[in-house]
Amino acid sequence: MKPASADFRADINGLRAVAVIAVVLFHFRVGGFSGGFVGVDAFFVISGYLMTRIILGPLAEARFSVLGFYLARARRIFPALAALCALLLLFGWFALSPMDYKLLAKHAGASLLFLSNQVYWKESGYFDADAHEKWLLHTWSLSVEWQFYLLYPLLIVAAHRLLRRPGGVGGALWAVGLASLAWSAWLAFADPSKAFFLLPTRAWEMLAGGLIFVHQDACNRLAQRLRWREPAGLAAILAASLLLSPDTPWPGLAALLPVVGAALLLLDSGGRTLLLGSAALQGIGRWSYSIYLWHWPIVVWLHQSQSRQHGAWTAAGMAASVLLGWLSFRLVENPARRLINRFRLAPALVLSAAMVLAPFAIAAALHYQSDRVTALRFKDHPRLADVRALETLQARYFGELYKPLYREGSCFLVPEKSHDGFAPECAGERPRIVLWGDSHAAHLWPGLKAAMLPGEAAQWTASGCPPLIGEAFAKRPHCRTINDWVLSKVLEMRPQVLILAGAWIKHDEATIRRGLAETLARLGADPAWRPRIVLVGSVPAWRKPLPKLLASDFLGGDERQRSRNDLDPDMARRDALIRELAAGRAEFFSPIAAACDDSGCLRYIERDGARLPFAFDYGHMIEESSVMVVAALFRQLGDTPARQP
């Protein structure tokens, strides 16, 4: 049924449907839709248009209320989000491990305060948890929108009062929008995570929609001339969904494609549409907010359930997203809207705030009292002490231990640093071994350090930069320069042994083949120097952080030291690929062979009565496992360590 509101526009409602469909197809990994994340950008354009219309119309008649604006936005956003967070916290109580539940509580609190984009930005990094460990990751976009809602009316009101000349508000929006676009275009390369998550680099997308309303008369005339605008706009969004990928620097200039596409669809204020008015699209458009809220937790659940990865489950997951979105619209959004509408402004604001602050208080208590919560959930469990030890160790590695062990900031460069960030001590004093690669090279350093005398080994490693000469990585803009510099230093130093290692499971086969071929060719170009080149294959890798996996298994009664449970299937394929590429050109060493057997891979090391996980995340080794693996490497090389670990 079509809403009766005079402000309703079928084209906008249909565009909402297109946007959420693109996002759902992308997150469920439907083939071809590698750029479906652009649906979020289309949502931003829609929001900017509607918010500007909601503000400027009443403002021109001197009846605009900032608090009334905030109430209208809260009435739309708060209830369904609060319901989702509350239900996930209830689900997690019974289904998640202590570490997973603590993380869920943290993210629920951040989502309900509309700060989750800040949290996910600060959490992002090479050692960050996989996206599919974060049940509320998708709420970053809601946080961006709410932050925009808080600031936008203040900007417009200020511009309206201070710039009284005609076009003053439009000029201010153009200035802010262009500045945001320029900042976004630069930061998408300089700091991709910051560009992706934060408002300043997203504001231009919303302002693009706002400027359509500011220039509505001109846009209406343009819409009449551009009879092809609707298919062209949809084609632009579809092209972006099909041609772009998560590796595209975002939301830089490439985001202009879906933004312009959405803008073309919004040009006509009459809302006339030939392609977006079907009953199916209109229904999905009305439920789009709740569909967006519910689809991602379903994606996470399917990802964490290894037996539910095939196409039938994917189709069922997408259908469940629509069904839960419809139920949320009918049972949460509409009743909550009617309830809030019964009250005047002040009590309605209090009620709306209570809808998010009540579950926030619960989430905060669950997070900050996690030890008591764990004791309550798993009272008298015989392995509770081991689980708590795993949580403590993982937190210490993330917080303090891995940095000195991997020599982060000096010999293991963070993404923002280029080769000039390497410290002089990285070269060693009389190095006969050079370690080159990314974090999967850096985690071999503790083992090398334990086995060799000081100064005998050099370490040049950089986050996200495997030793692939000539290859560029969008999210690591300095990799190519770093690798060229390391190659020049290696050719200058001529070490006896060169160890090349990378997080091969993070890269596609074509990139690895091309890059390693070039690296090995350059290293073998001088007939007067023939070092022992060791290509290190994949380390044991898991589909979720190993400490969390062990915690779940211990609480479930699975205490096996070796297991195939939740191993990443890509690790064996990449290990075989590196073995193939090494044939005849380098020596091959497999950490998998060192740590795994027919019963599975080593999951924890027993030391002084404690169970230490082999890795502190999906596959980055702790100090003890690094020492063990490097010892196996030395045995294969026939090289006796200068120092026995």
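The values are calculated or read from the model by the stated rules, or taken from the named source; none is laboratory data. Please read all numbers here as calculations on a predicted model, not as lab measurements. Note: ideal-geometry Cβ built from the backbone for every residue, glycine included; neighbour counts use all protein chains shown. Surface accessibility is based on the protein's heavy atoms, side chains included, excluding ligands, DNA and RNA. Shrake-Rupley method; radii C 1.70, N 1.55, O 1.52, S 1.80 Å.
Enumerate the amide H contacts of Val434 below 5 Å, restricted to partners 5 or more residues apart or on another chain; note that Pro and chain-start residues carry no placed amide H.
Ala458, Val497, Leu498, Ile499
Along the Cα→Cβ direction, 7 angstrom out, place labels at Asn334 and Phe8. What is the inter-label distance in nm?
Once both label points are built, they end up 1.1 nm from each other.
What's the local net charge at Leu198, with K and R +1, D and E -1, over the other residues with C-beta under 14 Å away?
-1
If you project the alpha carbons of the stretch 408-507 onto the principal axes, what extent comes out on each, in Å, largest first?
37, 25, 22
For Lys134, give me every one of the aspartates and glutamates with a C-alpha distance below 19 angstrom, ignoring sequence neighbours fewer than eight places off in its own chain.
Asp100, Glu123, Glu391, Asp566, Asp568, Asp617
With the cut-off at 19 Å, tell me which of the pairs Lys417/Lys548; Lys122/Lys506; Lys403/Lys449; Lys403/Lys544; Lys475/Lys506; Lys417/Lys544 have Cα atoms farther apart than that.
Correct reply: Lys417/Lys548; Lys122/Lys506; Lys403/Lys544; Lys417/Lys544.
So if each residue of separation counts as 0.36 nm, and I subtract the Cα-Cα distance between Leu154 and Ala358, what length gain in nm does that give? Display every interim value, and only then the final one.
On the way: separation 204, 0.36 × 204 = 73.44 nm, distance 2.75 nm.
Separation in residues times 0.36 nm, less the Cα-Cα distance, equals 70.7 nm.
With charges only on Cβ, +1 for K and R and -1 for D and E, what is the dipole size of the stretch 298-382 about its Cα centre, in debye, rounded to 20? Please list the in-between numbers first.
Values: 9 positive and 3 negative charges, 70 e Å.
The dipole of the stretch 298-382 has a size of about 340 debye.
Please determine, in degrees from 0 to 90 and to the nearest 10, the orientation of helix 509-523 with respect to the longest principal axis defined by the Cα atoms of the chain, where the helix direction is its Cα long axis.
Between the helix axis and the principal axis of the chain, the angle is about 40 degrees.
Charges on Cβ only, +1 for Lys and Arg, -1 for Asp and Glu, centred on the Cα centroid of the chain; of Trp174, Ala336, Ala232, which one is farthest towards the dipole's positive end?
In the chain, that residue is Ala336.
Under the rule that an exposed site lies in a DSSP loop and has at most 13 other Cβ atoms within 10 Å, name the longest stretch of the chain with no GluC sites (Glu not before Pro) of that kind, not counting the sites themselves.
62-415
Please enumerate, by chain and number, the aspartates and glutamates with C-alpha under 13 Å from the C-alpha of Lys489, excluding those fewer than 8 residues away in the same chain.
Asp420
Under a Cβ-only charge scheme (Lys and Arg +1, Asp and Glu -1), can you give me the dipole magnitude of the stretch 169-292 about the Cα centre, in debye to the nearest 20?
The dipole of the stretch 169-292 has a size of about 300 debye.
Could you work out the Kirkwood radius for the chain, taking every pair of different alpha carbons, averaging 1/r and inverting it, reported in Å?
Hydrodynamic radius (Kirkwood, Cα only) of the chain equals 27.0 Å.
Quick one: with all protein chains in place, what share of the accessible area of the stretch 233-358 is carbon or sulfur, to the nearest percent (1.4 Å probe)?
Numbers: 4070 of 5780 Å².
Result for the stretch 233-358: 70 percent of the exposed heavy-atom area is carbon or sulfur.
Could you point to the residue in Leu265, Ala74, Leu56 farthest towards the positive end of the chain's charge dipole, with +1 and -1 charges on the Cβ of Lys/Arg and Asp/Glu respectively?
Leu56
Going by average Cβ neighbours within 10 Å, how do the peptides 344-353, 610-619 rank, with the highest at the top?
Those peptides, ordered most packed to least, come out 610-619, 344-353.
Going 7 Å from the Cα of Arg344 along its beta-carbon direction, which residues of the stretch 40-66 have the amide nitrogen within less than 18 Å of the resulting point?
Inside the label zone: 65-66.
Taking amide hydrogens as modeled 1.01 Å from N in the peptide plane, which residues meet the under 5 Å criterion relative to Cys601, leaving out close sequence neighbours?
Long-range HN contacts for Cys601: Ser563, Arg564.
Modelling each spin label as a point 7 Å along the Cα-to-Cβ direction, I'd like the Leu162/Asp570 distance in nm, to one decimal.
For Leu162 paired with Asp570, the spin-label model returns 4.8 nm.
Please identify the cysteines of the chain that lack any partner cysteine with a Cβ under 4.7 Å from their own Cβ.
Those would be Cys85, Cys219, since no other cysteine Cβ in the chain comes under 4.7 Å of theirs.
HN-Hα J couplings of the stretch 292-299 from phi, Karplus 6.51/-1.76/1.60, θ = phi - 60°, integer Hz, Gly and Pro as x?
Ordered by residue, 3J(HN,Hα) equals 4, 4, 8, 5, 5, x, 5, 4 Hz.
Would you mind getting the accessible area per residue of the chain, heavy atoms of the protein chains only, 1.4 Å probe, in Å²?
Averaged over the residues of the chain, the accessible area is 42 Å².
For the chain, what does -39500 (n - 2.57) per DSSP helix run (n ≥ 4), summed and divided by total residues, give at 222 nm, in deg cm²/dmol to the nearest 500? Spell out each step's value before the answer.
Values: 28 runs with 379 residues, N = 645.
-19000 deg cm²/dmol, from helical runs alone.
Would you mind pulling out the separation of the Cα centroids of the stretch 580-620 and the stretch 258-282, in Å?
After rounding, the separation between the Cα centres reads 54 Å.
For the chain, with only Lys/Arg (+1) and Asp/Glu (-1) charged at the beta-carbon, what is the dipole magnitude about the Cα centre, in debye rounded to 20?
It works out to roughly 1980 debye.
Would you mind counting up the charge near Asp217? Only other residues with Cβ under 15 Å from its Cβ, with Lys and Arg at +1 and Asp and Glu at -1.
Once all neighbours under 15 Å are counted, the net charge is +2.
With Cβ to Cβ distances under 11 Å as the rule, what net charge do the other residues near Glu623 carry (K, R +1; D, E -1)?
Its environment carries a net charge of +1.
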